[in-house]
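Engineer: This is the structure I want to talk about, given as structure tokens.
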């Protein structure tokens, strides 16, 4: 993976679709793990963000890129916060 990073605008439709799918899969996997641990709040939030990302069509109109970007940022931030919590913090909710 020696490519330079691309913005959503620079990506073609297939690359954007792949990115959306990867983030959605990661959110769903994290939700499943959180549910198993009893963290129902994170699981619900993660599933909701994954569902919103899935709602975008495979050929996103360029005028919608900013909203997709914000949604992806939200999803990735949610994942980061969940994955960097301590074990004790994960089992509180």
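Engineer: Of the conditions (1) modelled with pLDDT under 85; (2) not in a helix (DSSP H, G or I), residue 11 satisfies every one except a single condition; which number is it?
Structural biologist: (1)
Engineer: Filter segment 1-31 down to the residues that are surrounded by 13 or more Cβ atoms within 10 Å (Cβ to Cβ) and touching a helix residue (DSSP H, G or I) at 6+ places or on another chain (Cβ under 8 Å) and list them by number.
Structural biologist: Those that are surrounded by 13 or more Cβ atoms within 10 Å (Cβ to Cβ) and touching a helix residue (DSSP H, G or I) at 6+ places or on another chain (Cβ under 8 Å): 8, 11, 16, 19, 20, 23, 24, 26, 27, 28, 30, 31.
Engineer: Count, please, the residues in segment 45-83 that happen to be touching a helix residue (DSSP H, G or I) at 6+ places or on another chain (Cβ under 8 Å) and either in a helix (DSSP H, G or I) or surrounded by 15 or more Cβ atoms within 10 Å (Cβ to Cβ) (or both). Reasoning before the result, please.
Structural biologist: As a first pass, look at segment 45-83 and keep what is touching a helix residue (DSSP H, G or I) at 6+ places or on another chain (Cβ under 8 Å): 45-47, 49-50, 52-54, 56, 58-60, 68, 71-72, 74-76, 78-79, 82-83.
Okay, now just the ones that are also either in a helix (DSSP H, G or I) or surrounded by 15 or more Cβ atoms within 10 Å (Cβ to Cβ) (or both), so 45-47, 49-50, 52-54, 56, 60, 68, 71-72, 74-76, 78-79, 82-83.
Within segment 45-83, residues that are touching a helix residue (DSSP H, G or I) at 6+ places or on another chain (Cβ under 8 Å) and either in a helix (DSSP H, G or I) or surrounded by 15 or more Cβ atoms within 10 Å (Cβ to Cβ) (or both) number 20.
The values are calculated or read from the model by the stated rules, or taken from the named source; none is laboratory data. This structure is a prediction, so every number in the text was calculated from the model and none was measured. Note that we place each Cβ from the backbone using ideal geometry, even for glycine, and neighbour counts take in every protein chain shown.
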